[in-house]
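The structure appears right after this line, and notes come after that.
FYI, it's all coordinate maths here, none of it is from the lab. Every value quoted in this text rests on a predicted model; they were computed, and no experiment measured them. We place every Cβ from the backbone using ideal geometry, glycine too, and count neighbours over all the protein chains shown.
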Amino acid sequence: MNTVAARLAPFGTTIFTEMTRLAQRHSAVNLAQGFPDFDGPDFVKEAAIDAIRAGRSQYARMFGDPGLNSALAARWESLTAQRVDPDTQVTVTSGCTEAIAATMLGVINPGDRVVMFEPFYDSYRASAAMAGAEIRFVTLCPPVDLCAGHVTTAPFWFDMGELERAMTGARAILVNTPHNPTGHVFSRDELERIAFLCAKHNVLAITDEVYEDLTYGHEHVRLATLPGMSERTITLSSLGKTFSLTGWKIGWAITTPDLSRAVRAAHQFLTFATATPLQVGAIAAIERGSDYVAALRARFTQGREFLATTLASLGFGVVMPRGTYFIMADHTEVSRRMGVAGDVEFCRELPARFGVAAIPPSVFYDNPQHGRPLVRFAFCKKQETLEEAATRLRSIIAASR
Ligand code: GLN
């Protein structure tokens, strides 16, 4: 019997669940699902524990604990020099994934066109589909100098003509920067072009900026700060990546009062409110977290370098990520040595044969062919974990001699 409703049946089980299960079955080093294998900061955990002890156990306010909304508004002002009203312009959600779903359901009518870049984070397509959107994809292409055994620092790129065709007649564009899975950080030029087209074609912008604090020498530009964009942008982000607390599921949406009403119209019926004590912990993170974030960025800078160099030495073609904690690499040469073909087969074989798990990016493309030569590795892991993965991956070379 087909128990899954037609609107969700095409999406199956997420690749993260599938690959983590495979990693566990083979006791593989999990460089697939993006989560740190170390804990978030103690002072944030203490603040949440104190809140539980103090009996903060009932529903939070629907659109966020007043203290967290204020902390987020103050943070936004310090980052953008734009003042937002904490009560009408900030909405706390259960992670950014809920914020994306609430935004889609809150602003998109059935049949509206939504533009997104491929590869895309898997929930975008599913939540746009739940809202009944018609989806148009614009392809982010790997740098032209990507080749086996090398690390390229050139960026992913897209065709501006393709973008304008997609945006003509669209209701909204979803922009994820820094971008998962490519590690691309949209440049100011690219975002100015997107902003120009939003104004020209009267398109709303929805941005997913959950990796905003994880950039490596590249400026993170917030689309909402470009001229005319604060009126038409819904900026989404979360606590999880910045504070290594992915399981806390604290996210938020910052936008105009009108657009906030639309997001809340859905949010109130999806989760109603987000876990009270964790919101209290989040206040501590937002207000006192800058040292933690600086140390985390330093750690990931090292991890990025180590994993990129290791992968290139094994024969992968590596795109040096400008942000996030993921590396996209071309596996063609390595697959050939292993006697497998395509990203899905490569990622199914890797845990069993070499004890390392990765993500096959074809699931993030509308046209899976585009993802076939590629593989995504996460480097948000302890140095010893990355070294263990490197040792195991080196046996690929030994095995193919
Ligand atoms: N965002 C994380 C990743 O891309 C995982 C999210 C999830 O497991 N759903 O790996």
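Things worth noting here:
- Rounded tilt (10° steps) of 290-313 against the dominant C-alpha axis of the chain: 30
- With all pairs of separate Cα atoms included, the stretch 283-401 yields a Kirkwood hydrodynamic radius of 15.2 Å.
- Considering only the chain, percent of DSSP beta bridges that pair antiparallel, nearest 5: 45
- Beyond 13 Å, the tail of the calculated P(r) for the stretch 104-153 holds 63 percent of the Cα pairs.
- Full extension of the chain between S187 and L270 yields a length gain of 26.5 nm, computed as 0.36 nm times the residue separation minus the alpha carbon distance.
- Normalised per residue, the volume of the convex hull around the Cα set of the stretch 184-249 (Å³): 88
- Between the C-alpha center of the stretch 189-238 and that of the stretch 157-177 there is a gap of 12 Å.
- Shown for F300, F377: other C-beta atoms within 10 Å of each C-beta, ranked fewest to most, produce the order F300, F377.
- Extents of the stretch 164-308, taken as max minus min of Cα coordinates on every principal axis and listed largest first, are 42, 40, 23 Å.
- Mean separation of Cα pairs under 8 Å and 6 or more residues apart, divided by the residue count, gives the stretch 119-174 a relative contact order of 28 percent.
- For the chain, a Gaussian network of Cα nodes joined below 10 Å ranks Q369, Q24, Q58 by mean-square fluctuation, and the top entry is Q58.
- Computed from the Kirkwood radius of its Cα pairs, the Stokes-Einstein diffusion coefficient for the stretch 50-110 at 10 °C and 1.306 mPa s stands at 120 µm²/s.
- Normalised contact order of the stretch 135-260, rounded percent, pairs of Cα under 8 Å and 6 or more residues apart: 18
- Estimated at 0.36 nm per residue, the fully extended path between E305 and A6 surpasses their Cα-Cα distance by 103.3 nm.
- Amide H contacts for E118 (H built 1.01 Å from N in the peptide plane; partners 5 or more residues away or on another chain; cut-off under 5 Å): V138, T139, L140.
- Amide proton proximity set for E134, modelled H, under 5 Å, gap of 5+: G111, D112, R113, V114
- When Rg and the Kirkwood Rh are both derived from Cα coordinates, the Rg/Rh ratio for the chain amounts to 0.96.
- In the chain, a dipole from Cβ-located charges (positive for Lys and Arg, negative for Asp and Glu) runs towards its positive end, and of I173, P351, M130 it is P351 whose Cα lies farthest in that direction.
- Centre-to-centre, using Cα atoms only, the stretch 261-321 and the stretch 359-391 are separated by 17 Å.
- All-pairs Cα distance distribution in the stretch 249-345, expressed in whole percent, bin size 5 Å: 2, 10, 13, 11, 12, 10, 11, 11, 11, 7, 2, 0
- q = 0.08, 0.14, 0.20, 0.22 Å⁻¹: log10 I(q)/I(0) that the Debye formula gives for the stretch 1-138, counting C-alpha atoms only: -0.35, -1.04, -1.24, -1.25
- A quarter of the convex hull surface defined by the alpha-carbon atoms of the stretch 141-187 gives 4.0 nm² as the mean projection.
- Look at H331, H150 and count the other Cβ atoms within 10 Å of each Cβ; fewest to most, that gives H150, H331.
- Full-extension gain in nm, C147 to H26, via 0.36 nm per residue minus C-alpha separation: 40.6 nm
- Residue exposure proxy: K381, K249, ordered by other Cβ atoms within 10 angstrom of their Cβ from fewest to most, comes out as K249, K381.
- Spatial offset of the stretch 335-351 relative to the stretch 86-128 amounts to 33 Å, using the alpha carbon center of each.
- Nearest 10 degrees, 0 to 90: helix 66-80 Cα axis against the chain principal axis: 70
- Crossing angle, helix 42-53 versus the chain [Cα axis fit, 0-90 degrees, rounded to tens]: 50
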